[in-house]
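Presented below is the structure to which this report refers.
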Amino acid sequence: MLPRDSGGYRWVVAIAAFFTQFIICGITYSIGVFHIVFSKIFNEDHFNTSWIGSILLYSTALTSVVMRFFMVQFGCRWSVILGGLVSALGLSMGMVVTEMYQVYLTFGVLTGIGFGLACTPSIMAVEQHFYKQRMQALSVVLSGVGAGIVVFPILIRTLLEHLAWRGTLWILSGIALNLCVCGALMSPVAHGKQVHLMPLLSCVPLRNITFHGMCIANLFWSFGSTVIYMYLPSYAMDQDSSFETSVFLVSCVGMASFTSRVIFSFMGHNSTLDDMTAILCSIGLGVVITGICPLLFDDYAGQIGYSLLFGFYSGYWTTFLSQASRELLGPECIAKGNGYLSFMIALGSIMAGPAAGLLIQEETEFKYAFYLAGSALLWSSVIMMLFKYQSCGLESFVSEPEKNDLKIPLVDRSQNDCLMKGEPILVEAMVTSV
C-alpha cells in the first residue's frame, strides 16, 4: 500500500476524484433520458416534467456553494462521503414515489444536494495534494465529466430495458454509494498543511465590470446547455427516432466534448485564445448551432451531427472561459467570485427547463426551444469575446506589470510561496459549467 504522503498516493486521490466526477456528471447530464421516462410514467407535460432536471442541476450548483462550510469544518473526505450517502438515498427513494412532486423532492432536491456536497470537494482534494503537477491532475479529473456523459445515458437505457424505471433508480443509488469509497480515498493533506478557502461572496470581484460580464455569460451558457441536455432526446423522438437512438445522442455530446477538451488542452493556452480560433469556435459554431438545428433534425445522421457540434462547442467554450477569465481578471479574483458564478449557473439551470417547456407547449414544436437555447449559448460567447478584445475593466483593476502575473494559476503560485514560507495554503476551485 502506498504511503499517504507519497507522490503515488496523490494519483490515487486524483483517480478517486475522476470517478466522483464520472458518477455525478454522468447521472446529472442524463436528465434528457429521465425527462422522457418521467413524462410517460406520470403522464405529465413538458413544463411539469422539466422541473425534475432543472431542480437537480439547481440543487447541485447551489449546494456546492451553500454547503462549503461543511467541507471547511470536516474536510473534503467527509464531504464527499456524506454526498454519496445523501445522493444514494435520494435515488433509492425513487422505489416508493407515486407522485410527481415526490420526484421533485427525491430525485431533484435530495440527489442534487448529495451531488453538490461531493462535486467541488473532490476537485479541492486534488488541488490540496498536487503542486507542480496540479494542471495535469485536474485534466485527468475533469476528463471524468466527458466520460460520464458518454457512458451513463447508454447504461441507463440498458437498465430501463431490463429493470424498468424503479429498478434503474435502485441500481443508480448503488452506483452513487461508490462516492463514499471515492471520498474515503481522499486523505487529508500530508505534513499537516492547512488549507483555507477564499471568501464565499467577496466584494472585490464586483469592482470589475468584466466579472459582471462573466456572470452574465455563465447565466446564458447554463440556460442554453440545460435546454439542450434536457430536450435533445425528446426532440429526436419527436422526429421519429427511436428511444435507443435518441439516448445515444447524449453520449455523442459527451464524446465530442471530451475530444474538444483534450485537443485544446494539448494545443495549449495560446491556441485557445488565438483570435481566429476564438472567433470560429465561440461565434462561428454558435451561429451554426443556433441557425440550422431544424434542418439537421430531419434525419438521424443530422441529429448526430448536431450533437457532435454542440459537444465540441461546449468543450471548447468551457476551456476558453476558464483561460480568458484568468487573463482578464486573474485567478485570485475569479476564486473570490466563485460563489457569484455558482449562483448564476444555478439560476440559469432552474429557469431553462420550465421556460423551454412552456415554449414547446405553446408552439407545439421543439425547434423554437432549440432556437432559444442556441441564442443563449451564442450570447454567452459574444459577451466573453467582447470583454476579451476590449479588456474591459482590466486597467482599473491591476497595473500593467501585474497583468502577466495574473495569468499564473493561483494555486500553483500561492502553494509554492506557502511551501517556501511555511504558511497555510489558500485555494479555491474554478467554477465553469460543463
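Just subtract the alpha-carbon distance of Leu105 and Asp45 from 0.36 nm times their residue separation and send over the number in nm, one decimal.
On the way: separation 60, 0.36 × 60 = 21.60 nm, distance 1.84 nm.
Here the answer is 19.8 nm.
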With 10 Å bins from 0: P(r) over region 1-73, alpha-carbon pairs, percent: 16, 30, 27, 17, 8, 2
In nm, spacing of pseudo-spin labels at Leu386 and Lys132 (7 Å Cα→C-beta vector): 4.5
In range of the label at Asp240: residues from region 296-310 whose backbone nitrogen is under 16 Å from the point 7 Å along Cα→Cβ: 296-303
Peptides 214-227, 59-72 ordered by average Cβ neighbours within 10 Å, highest first: 214-227, 59-72
Rg(Cα) / (2.2 N^0.38 Å) computed for region 1-192, rounded to two decimals: 1.04
Potential lengthening between Leu358 and Ile283 on full extension [0.36 nm per residue; Cα-Cα distance subtracted]: 24.2 nm
Extended-chain gain in nm, criterion 0.36 nm per residue less alpha-carbon gap, Val151 and Ile171: 5.7 nm
Estimated FRET transfer efficiency when R0 is 60 angstrom, pair Arg207-Ala301 (beta carbons, to 0.05): 0.75
Computed E for Ile292/Phe69 - FRET, C-beta separation, R0 56 angstrom, nearest 0.05: 0.75
In Hz, Karplus ³J(HN,Hα) per residue of region 252-259 (6.51, -1.76, 1.60; θ = phi - 60°; x = Gly, Pro): 4, 4, x, 4, 5, 5, 4, 4
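Among 174-187, 146-159, how do they line up by average Cβ neighbours within 10 Å per residue, starting with the highest? Walk me through the numbers before you get to the answer.
On the way: 174-187: 19.9, 146-159: 21.9.
Final packing ranking: 146-159, 174-187.
Only the coordinates and a few stated rules stand behind these numbers; no lab work does. Because the structure is predicted, anything quoted here is derived from the model rather than measured. When we count neighbours, we look across all protein chains shown, and the Cβ atoms used for this are built from the backbone with ideal geometry, even at glycine.
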